[in-house]
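**Q** Have a look at this one before I ask anything.
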Amino acid sequence: MVIVLIGILVGILIGLFLPYTYNTVYSLYVSVVILASLDSILGGINSELQKKFDIKIFLSGLIGNTIIAVLLTFFGDRVGVPIYYATIVVFGTRIFNNFAEIRRILLKILEKKKNIWYNINKCMEE
Amino acid sequence: MNRKIRIFFLIFSIALGIMISLVLKNKVELMGPYTYEKIRNYKEELEIVENQIKTNDVIIKGIEKEIELHTDDVDISSLREKLRKEIFDLKVISANSDLIGNGIKITISDSRDRDIGSTKYGIVHDLDILVIINDLITFGADAISINDVRILPDSKIDCQGPTIRINDVVKSTPFVIKAIGDEEKLFTGVSDKDSYVNLLKTVYEMEVSVEKKKDIYIPGRIDRRV
């Protein structure tokens, strides 16, 4: 989690000093891609905490989700129906779900550590 | 966490951060839902602005021409031509010159129906002529005359029993109204189903005829100074 936060901060700093920007026409696509990557990264952290992380699943999910999201946005743009709402809602929900699971796992870990310290202190006192 | 995975996450999140910062840098406006109504409104606005641009272009061209005329190395002959045209336009407006041009001719006389003709409804009144004249002006007539009396911006039309006094000249039926202008526009405007001329014809059964004519002659004002 901390690594990800540091990485994002470093990335933002790098991006601010980069002379390159994209065309505003594609801002919708970039936003959707960012959402897809955020979802993937949170999913990755979640699975890593549950000791189920598989880089193949992670990469295939990331690339596949991103492609589908971009395609849906493109299709909606052409048809005149804002289908990208579907991607926003789905990725948004998944981000919250992943975060909830991560939170629970981290809280459990914290509690365990607390218990261990408590036990150690107790032993020491005895 | 495995070291490899950590590095992987770090690189990936850096890339994500770069993307986020690019979005922040671009300052994109909020993407609200675009309904069809919004799009239609924008379209209308755009059309209005485009029309305005077109009219502005025309105005700019006119002003540029005028500037050309007023520059130092002015062509005297073109300036003379322009002034002559201006004088002609002013003469047309002030009715100081005779005019010949395409237009329409309206002839109105009292109703021949005995029942209506004997009452006040069958007689051509000053008001009827006034309304027709105003209609003609609305439809873009450049010059108008009634029985060869030129209508001026300050003309008056009075009732004089069975006759009408126009610019202090007494005229009687049949009244021949001539108008020079866009003949199609004038004709369709006057002979429209809901027009006042048609009302006179159908309701009061007056003798009314409207015809398009070429080379109509309209005299200038009587007291003109040449």
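**Q** Condition check: within 28 Å of B:Phe88 (Cα to Cα), β-branched (Val, Ile, Thr) and not in a strand (DSSP E or B). Does B:Ile137 satisfy that?
**A** On the way: within 28 Å of B:Phe88 (Cα to Cα): yes; β-branched (Val, Ile, Thr): yes; not in a strand (DSSP E or B): yes.
Taking the combined requirement at face value, the residue satisfies it.
**Q** Can you pull out every residue in the range A:53-67 that is more than 10 Å from chain B (Cβ to nearest Cβ) and among the β-branched types (Val, Ile, Thr)?
**A** Matches in the range A:53-67: A:Ile57, A:Ile63, A:Thr66, A:Ile67.
**Q** Among B:Asp154, B:Asp128, which is the only one that is under 26 Å from the mean Cα position of the chain (by Cα), loosely packed, with under 12 Cβ neighbours inside 10 Å and within 27 Å of B:Pro174 (Cβ to Cβ)?
**A** On the way: B:Asp128 fails: loosely packed, with under 12 Cβ neighbours inside 10 Å.
Answer to the selection: B:Asp154.
**Q** A further question follows. Condition first: of a type in the set (Ser, Thr, Tyr), more than 9 Å from chain B (Cβ to nearest Cβ), touching a helix residue (DSSP H, G or I) at 6+ places or on another chain (Cβ under 6 Å) and surrounded by 14 or more Cβ atoms within 10 Å (Cβ to Cβ). Can you find one or more residues in the range A:40-52 that meet it? Working first, answer last.
**A** Filtering the range A:40-52 down to residues of a type in the set (Ser, Thr, Tyr) leaves A:40, A:47.
Of the ones still in play, those that are also more than 9 Å from chain B (Cβ to nearest Cβ) are A:47.
Remaining after also requiring touching a helix residue (DSSP H, G or I) at 6+ places or on another chain (Cβ under 6 Å): none.
The answer is no, given that none of the residues of the range A:40-52 is of a type in the set (Ser, Thr, Tyr), more than 9 Å from chain B (Cβ to nearest Cβ), touching a helix residue (DSSP H, G or I) at 6+ places or on another chain (Cβ under 6 Å) and surrounded by 14 or more Cβ atoms within 10 Å (Cβ to Cβ).
**Q** Got a sec? Which of B:Ile104, B:Ile93, B:Ile67 is surrounded by 14 or more Cβ atoms within 10 Å (Cβ to Cβ) and not in a loop (DSSP other than H, G, I, E, B)? Give the steps one after another, and end with the answer.
**A** Values: B:Ile93 fails: surrounded by 14 or more Cβ atoms within 10 Å (Cβ to Cβ); B:Ile67 fails: surrounded by 14 or more Cβ atoms within 10 Å (Cβ to Cβ).
Step by step, each of B:Ile104, B:Ile93, B:Ile67 is checked, and only B:Ile104 is surrounded by 14 or more Cβ atoms within 10 Å (Cβ to Cβ) and not in a loop (DSSP other than H, G, I, E, B).
**Q** Inside the range B:5-27, can you point out the residues that are more than 7 Å from every other protein chain (Cβ to nearest Cβ) and closer than 15 Å to A:Tyr20 by Cβ?
**A** The one that is more than 7 Å from every other protein chain (Cβ to nearest Cβ) and closer than 15 Å to A:Tyr20 by Cβ: B:Leu24.
**Q** Could I ask something else about it? Could you please find all residues in the range A:1-28 being within 7 Å of another protein chain (Cβ to nearest Cβ) and of a type in the set (S, T, N, Q)?
**A** A:Thr21, A:Thr24, A:Ser27
**Q** Which residue is modelled with the lowest pLDDT, if the candidates are limited to the range B:22-34 and must be surrounded by 10 or more Cβ atoms within 10 Å (Cβ to Cβ) and not in a helix (DSSP H, G or I)? I'd like the intermediate steps shown before the answer.
**A** Quick first cut of the range B:22-34, residues surrounded by 10 or more Cβ atoms within 10 Å (Cβ to Cβ) only: B:22-26, B:28, B:31, B:34.
From the residues that got through so far, the ones that are not in a helix (DSSP H, G or I) too are B:28, B:31, B:34.
Values: B:Val28: 66, B:Met31: 62, B:Tyr34: 69.
Within the range B:22-34, the match that is modelled with the lowest pLDDT is B:Met31.
**Q** Take A:Ser31 and tell me if it is within 7 Å of chain B (Cβ to nearest Cβ), modelled with pLDDT under 90, within 19 Å of B:Lys25 (Cα to Cα) and surrounded by fewer than 18 Cβ atoms within 10 Å (Cβ to Cβ). Full working, then the answer.
**A** Working: within 7 Å of chain B (Cβ to nearest Cβ): yes; modelled with pLDDT under 90: yes; within 19 Å of B:Lys25 (Cα to Cα): yes; surrounded by fewer than 18 Cβ atoms within 10 Å (Cβ to Cβ): no.
Criteria not met by A:Ser31.
**Q** Going through A:Ile45, A:Ile8 one at a time, which residue ends up being within 16 Å of B:Ser21 (Cβ to Cβ), modelled with pLDDT under 90 and hydrophobic (A, V, I, L, M, F, W, C)?
**A** Details: A:Ile45 fails: within 16 Å of B:Ser21 (Cβ to Cβ).
Every option except A:Ile8 fails the conditions.
The values are calculated or read from the model by the stated rules, or taken from the named source; none is laboratory data. Quantities reported herein were computed from a predicted structural model and do not represent experimental measurements. Glycine also receives a Cβ, built like all others from the backbone with ideal geometry; neighbour counts cover every protein chain displayed.
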